[in-house]
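Participant: Sharing a structure with you now.
The values are calculated or read from the model by the stated rules, or taken from the named source; none is laboratory data. As the structure is a prediction and not an experimental result, all values here were calculated from the model. Here the Cβ positions follow ideal geometry from the backbone for every residue, glycine too, while neighbour counts run over all protein chains shown.
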């Protein structure tokens, strides 16, 4: 069995196992253990890829290169730390009577299936399977969003299901169109023409531009819905705020990344065929719009998880903008930003989960004085938010700085809305954060049992990436940048 | 190219494709739940007939598998599931009020014209016998989307969703003689899971909102005053949520 197979099979087997025993106290541990196996295998696979270069599996079903290998590790890692957080968190929810045994079983099983579908989407070489895996990621999470069965949760899950379902259907049509364009020119081996390696290799530059443009518009709408691009973002704050918190952490930290990854993969094909930057310009437009609108919405939030969901939309918009710009510096910055945003945002959601258990509510105006009641949670939230807002010692600052420099070099005028957007988002986060962390704690507020280890590890990693980027990671980013920006017309 | 120049089977493909589009229009105007479900089943059946004809004309045996999948899923399983649920939830005779029905049907006609415009670059490139029906398949997809947008009943929205899926499958059949089998199987699996999840949701919606009218799903919004009504009614005590 290859390492990739272990990486993919571990969550699948774990998911099946947890269908039966997910409600036992052991279930939480099995969840963690499965994630640890996945992470270990993905790490070993990454070392292999680092040593021997891109790998194509024997049936050409899977393809691992510099672009997706680090996302696989990231997914496995954040999946693991969120599982560590989720075990005591969900036990607490069971004790409070919000989750029954059956739902806990569902939760654990679907958690693993969700990790599996994301890893499948990342590692597959087939554009059709990529779509199937993205849809599966929606299907596995939709029942988790409605896990608490409150009217709000059910509404959020229904919105998520319908909007993402419609959105992703457009992506399937885009995929059919790409297949059509490829089959037209590479007709010989029918079943191979959906393979990304074939499309990117033999198909480069010969696919019909008109059809490919049409396909990209549909793919952008489809995968863009899952990235959370404005105006297709409505599902995202609802889904992220109503589900259990470990779910919010993996949704915000990982699923959005995987959707953006899919979009960038197809953009690479489109760029090679079009020889113009049309796809990039579309992405820049949608990205900048999302970035600005989400920054403004941060000011209007009353629910802490909704607020950080809008912050995710803002950052995804920024990354989409950067990938759209396409110059090597911007691409490098965007790849780094994907990593640090995932780590920071999942750490923040973990902290927010503790904070809302502490305060007994998600309402921002009722969460007060965290730092006095329980310093670990208060500091965690403060440092996490400082990091996500892009303050210097942290990795987010480095990636945002690179993006800003790239913008100044290639689109100087756009640096102005970008800077304004940073300011607006900063203000939006801190006007709400300050009273939550430093305010007067309500009488009788008691500390809760909190596991801040995942948060500390994530934030330290982000700090490390802000101070120095390790050589292997930088090497992957450079290779991926070459791969992504290489096909662009100068 | 004149229709008479085409072979008999190619003409039959066009005829059945037109009938598929016709069922889309029927669904757009159908307010009652049960006939809506039956029309959806008919659309699936007609789609399966088109697929079999295309498989026969183009000699792609894979497409017979796709046609069989369509019959099992879209003609039998999903309509049966929806039928059983609507009987169980005692809403089989419900009819929803469709606002501006004539405008809606005109909108559908507009979408068909738009589809022909969208399909121009594809048709220009295609040498397939079925290229005349590509625009029809896009129209089926878009009308499914229109159905989802204008209806407020959850069952009608699901029918719209599945009809969109029909349109997508249709477009894959007529523009490329279907996708690779593994992808088709994956898509069919996703559709099946989605159908089951929709069924679960009907029951949840009914339990929480006492209705499948999605207009009642209006609690989560960006309003400045957060949830004053629900709190006053005690629907969401402050300590409940975390």
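Participant: Quick check, is residue A:296 within 22 Å of the chain's Cα centre (by Cα) and closer than 30 Å to residue A:362 by Cβ?
Facilitator: yes
Participant: Looking at the range B:6-17, is at least one residue closer than 11 Å to residue B:140 by Cα, surrounded by fewer than 18 Cβ atoms within 10 Å (Cβ to Cβ) and under 17 Å from the mean Cα position of the chain (by Cα)?
Facilitator: no
Participant: Here's something else I'd like to know. What number of residues within the range A:395-409 are out of contact with any helix residue (DSSP H, G or I) (no Cβ under 6 Å at 6 or more places or on another chain) and surrounded by fewer than 16 Cβ atoms within 10 Å (Cβ to Cβ)?
Facilitator: 3
Participant: Only one of these conditions is not met by residue B:193: (1) facing chain A (nearest Cβ under 9 Å); (2) over 22 Å from residue A:234 (Cβ atoms); (3) at pLDDT below 85. Which number is it?
Facilitator: Only one criterion is unmet by residue B:193, namely (3).
Participant: Shifting gears a bit: What residue, among those in the range A:23-59 that are in contact with a strand residue (DSSP E or B) (Cβ under 6 Å, 6 or more places away or on another chain) and in contact (Cβ under 8 Å) with a residue 40 or more places away in the chain, is surrounded by the fewest Cβ atoms within 10 Å (Cβ to Cβ)?
Facilitator: If we filter the range A:23-59 for residues that are in contact with a strand residue (DSSP E or B) (Cβ under 6 Å, 6 or more places away or on another chain), which is where we start, we get A:49, A:55-56.
Add one more test, that the residue is in contact (Cβ under 8 Å) with a residue 40 or more places away in the chain, and what stays is A:55-56.
On the way: A:55: 17, A:56: 14.
Among residues in the range A:23-59 that are in contact with a strand residue (DSSP E or B) (Cβ under 6 Å, 6 or more places away or on another chain) and in contact (Cβ under 8 Å) with a residue 40 or more places away in the chain, the one surrounded by the fewest Cβ atoms within 10 Å (Cβ to Cβ) is A:56.
Participant: Residues in the range B:223-239: is at least one at the interface with chain A (Cβ under 8 Å from one of its Cβ atoms) and at pLDDT 50 or above?
Facilitator: Taking every residue of the range B:223-239 in turn, at least one turns out to be at the interface with chain A (Cβ under 8 Å from one of its Cβ atoms) and at pLDDT 50 or above.
Participant: Test of understanding: among A:467, A:429, A:419, which residue is free of Cβ contacts under 8 Å to residues at least 60 places away in the same chain and in contact with a helix residue (DSSP H, G or I) (Cβ under 9 Å, 6 or more places away or on another chain)?
Facilitator: Checking each option against the conditions leaves just A:419.
Participant: Just for the range A:156-169: of the residues that are within 9 Å of chain B (Cβ to nearest Cβ) and surrounded by 23 or more Cβ atoms within 10 Å (Cβ to Cβ), which one is farthest from residue A:99 (Cα to Cα)?
Facilitator: Out of the qualifying residues, it is A:169.
Participant: Tell me, which residue of the range B:136-153 that is facing chain A (nearest Cβ under 8 Å) and surrounded by fewer than 24 Cβ atoms within 10 Å (Cβ to Cβ) is nearest to residue A:162 (Cα to Cα)?
Facilitator: B:148
Participant: Residues to consider are A:132, A:99, A:142; find the one that is within 14 Å of another protein chain (Cβ to nearest Cβ), touching a helix residue (DSSP H, G or I) at 6+ places or on another chain (Cβ under 7 Å) and in a loop (DSSP other than H, G, I, E, B).
Facilitator: On the way: A:132 fails: in a loop (DSSP other than H, G, I, E, B); A:142 fails: in a loop (DSSP other than H, G, I, E, B).
After ruling out the rest, the residue left standing is A:99.
Participant: What are the residues in the range B:70-90 that are closer than 16 Å to residue B:154 by Cα and either in a helix (DSSP H, G or I) or in contact with a helix residue (DSSP H, G or I) (Cβ under 6 Å, 6 or more places away or on another chain) (or both), if any?
Facilitator: Our first condition is that a residue be closer than 16 Å to residue B:154 by Cα; within the range B:70-90, this holds for B:78-79, B:81-90.
Of everything in the range B:70-90, those that are closer than 16 Å to residue B:154 by Cα and either in a helix (DSSP H, G or I) or in contact with a helix residue (DSSP H, G or I) (Cβ under 6 Å, 6 or more places away or on another chain) (or both) turn out to be B:78, B:79, B:81, B:82, B:83, B:84, B:85, B:86, B:87, B:88, B:89.
Participant: Ok, one more. Looking at the structure I just gave you, is residue A:349 under 26 Å from the mean Cα position of the chain (by Cα) and part of a helix (DSSP H, G or I)?
Facilitator: yes
Participant: Still on this structure, I have one more. Given the conditions (1) within 22 Å of residue A:170 (Cα to Cα); (2) under 18 Å from the mean Cα position of the chain (by Cα), report the number of the one that residue A:83 does not fulfil.
Facilitator: Unmet for residue A:83, out of (1) within 22 Å of residue A:170 (Cα to Cα); (2) under 18 Å from the mean Cα position of the chain (by Cα): (1).
Participant: Does the range A:108-121 contain any residue that is surrounded by fewer than 24 Cβ atoms within 10 Å (Cβ to Cβ) and more than 14 Å from chain B (Cβ to nearest Cβ)?
Facilitator: Within the range A:108-121, not a single residue is surrounded by fewer than 24 Cβ atoms within 10 Å (Cβ to Cβ) and more than 14 Å from chain B (Cβ to nearest Cβ).
Participant: Could you list all residues from the range A:325-351 that are over 20 Å from residue A:463 (Cα atoms) and either crowded, with 24+ Cβ neighbours inside 10 Å or within 13 Å of chain B (Cβ to nearest Cβ) (or both)?
Facilitator: Residues satisfying the conditions are A:325, A:326, A:330, A:331.
Participant: Tell me the residue from A:20, A:67 that is surrounded by fewer than 19 Cβ atoms within 10 Å (Cβ to Cβ), modelled with pLDDT under 90 and in a helix (DSSP H, G or I), please.
Facilitator: None of the other options fit; the residue is A:20.
Participant: How many of the residues making up the range B:147-177 are within 19 Å of residue B:101 (Cα to Cα) and over 8 Å from the mean Cα position of the chain (by Cα)?
Facilitator: 11
Participant: Can you tell me which of B:56, B:116, B:83 is more than 12 Å from chain A (Cβ to nearest Cβ) and within 17 Å of the chain's Cα centre (by Cα)? Break it down stepwise before answering.
Facilitator: On the way: B:56 fails: within 17 Å of the chain's Cα centre (by Cα); B:116 fails: within 17 Å of the chain's Cα centre (by Cα).
One residue alone meets the criteria, B:83.
Participant: Just give me the residues in the range A:280-294 being within 14 Å of another protein chain (Cβ to nearest Cβ) and crowded, with 24+ Cβ neighbours inside 10 Å, in sequence order.
Facilitator: The one that is within 14 Å of another protein chain (Cβ to nearest Cβ) and crowded, with 24+ Cβ neighbours inside 10 Å: A:294.
Participant: Restricting to the range A:180-232, count the residues that are on the phi < 0 side of the Ramachandran plot, at pLDDT below 90 and assigned to a loop (DSSP other than H, G, I, E, B).
Facilitator: 12
Participant: Hey, could you check the range B:199-217 for residues that are touching a helix residue (DSSP H, G or I) at 6+ places or on another chain (Cβ under 8 Å) and more than 8 Å from chain A (Cβ to nearest Cβ) and say which is farthest from residue B:85 (Cα to Cα)?
Facilitator: Applying the filter and picking the extreme gives B:216.
Participant: Right, another one. So residue A:197 clears everything in (1) touching a helix residue (DSSP H, G or I) at 6+ places or on another chain (Cβ under 8 Å); (2) within 25 Å of residue B:180 (Cα to Cα); (3) more than 12 Å from chain B (Cβ to nearest Cβ) except one condition, right? Which one?
Facilitator: Going through the list (1) touching a helix residue (DSSP H, G or I) at 6+ places or on another chain (Cβ under 8 Å); (2) within 25 Å of residue B:180 (Cα to Cα); (3) more than 12 Å from chain B (Cβ to nearest Cβ), residue A:197 breaks only (1).
Participant: Follow-up question, since we're still on this one. Based on what the data block shows, is residue A:4 surrounded by fewer than 20 Cβ atoms within 10 Å (Cβ to Cβ) and more than 20 Å from the chain's Cα centre (by Cα)?
Facilitator: no
Participant: (1) surrounded by 22 or more Cβ atoms within 10 Å (Cβ to Cβ); (2) facing chain A (nearest Cβ under 8 Å): which one isn't true of residue B:174, the others all being true?
Facilitator: (2)
Participant: Further question on the same structure: Would a scan of the range B:96-110 turn up a residue that is within 14 Å of chain A (Cβ to nearest Cβ) and touching a strand residue (DSSP E or B) at 6+ places or on another chain (Cβ under 6 Å)? Walk me through it before giving the result.
Facilitator: Here is the first cut: in the range B:96-110, the residues within 14 Å of chain A (Cβ to nearest Cβ) are none.
Within the range B:96-110, none of the residues are within 14 Å of chain A (Cβ to nearest Cβ) and touching a strand residue (DSSP E or B) at 6+ places or on another chain (Cβ under 6 Å).
Participant: Condition check: surrounded by 24 or more Cβ atoms within 10 Å (Cβ to Cβ) and touching a strand residue (DSSP E or B) at 6+ places or on another chain (Cβ under 8 Å). Does residue A:313 satisfy that?
Facilitator: no
Participant: Now for a different question. Restricted to the range A:178-187, and to residues that are at the interface with chain B (Cβ under 7 Å from one of its Cβ atoms) and in contact (Cβ under 8 Å) with a residue 12 or more places away in the chain, which residue is surrounded by the fewest Cβ atoms within 10 Å (Cβ to Cβ)? I'd like the intermediate steps shown before the answer.
Facilitator: Of the residues in the range A:178-187, the ones at the interface with chain B (Cβ under 7 Å from one of its Cβ atoms) are A:179-180, A:183-184.
From what is left, the residues that are in contact (Cβ under 8 Å) with a residue 12 or more places away in the chain are A:179-180, A:184.
Values: A:179: 24, A:180: 26, A:184: 20.
Result: A:184.
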